[in-house]
Amino acid sequence: MKLDYDLNSYLEKIKKSDSYFHTFINRESLAAGILVLQPNEEDTQEPHNSDEVYYVISGNGFLKIKNKDYKISKDKLFFVAKGVEHYFHGNTKELKVLYFFGGPDS
């Protein structure tokens, strides 16, 4: 079982793919990954089946949770409960975010 992870390698995978995110841990009890949104790129995610935590590595913009916008900045952390509508938007700089699910990323 892999125990160490190099985020730069996953950022490179995203650059070479059609996706803006990559889940690098996907277990029954935990999933973790990284997402990268370019300015004006749409975040198309749907509500998830488990609670989620987002950690902002860099960038700006907003995270809409339900009907409220939360301003994003480096080193902020956000909690989103399972089943709650949410998405990133309004970033004018490249946005990099680590995400953690309390279950598998399905």
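The values are calculated or read from the model by the stated rules, or taken from the named source; none is laboratory data. Not measured: the values here are computed from a predicted model. Glycine gets a Cβ as well: all are built from the backbone with ideal geometry, and neighbour counts include every protein chain shown. Please note that ligands, DNA and RNA were not included when accessible areas were found on the heavy atoms of the full protein model with its side chains. Shrake-Rupley method; radii C 1.70, N 1.55, O 1.52, S 1.80 Å.
Counting only strands (runs of 3 or more DSSP E) that fall entirely inside the range 7-106 and contain at least 1 residues that are within 11 Å of the chain's Cα centre (by Cα) and among the basic types (Lys, Arg), the qualifying elements are 95-101. Quick one: in the range 47-59, of everything that is touching an Asp or Glu at 6+ places or on another chain (Cβ under 9 Å) and crowded, with 20+ Cβ neighbours inside 10 Å, which residue is nearest to Ser29 (Cα to Cα)? The residue in question is His48.
Set side by side, the residues Phe62, Phe100 differ, and just one is farther than 21 Å from Leu7 by Cβ, open to solvent by 20 Å² or more (accessible area, probe 1.4 Å), of a type in the set (Phe, Trp, Tyr) and in contact (Cβ under 8 Å) with a residue 12 or more places away in the chain, which is Phe62. The residues of the range 67-81 that are open to solvent by 50 Å² or more (accessible area, probe 1.4 Å), of a type outside the set (Ser, Thr, Tyr) and at pLDDT 95 or above, listed by number, are Lys68, Asp69, Lys71, Lys74, Asp75, Lys76, Leu77, Phe79.
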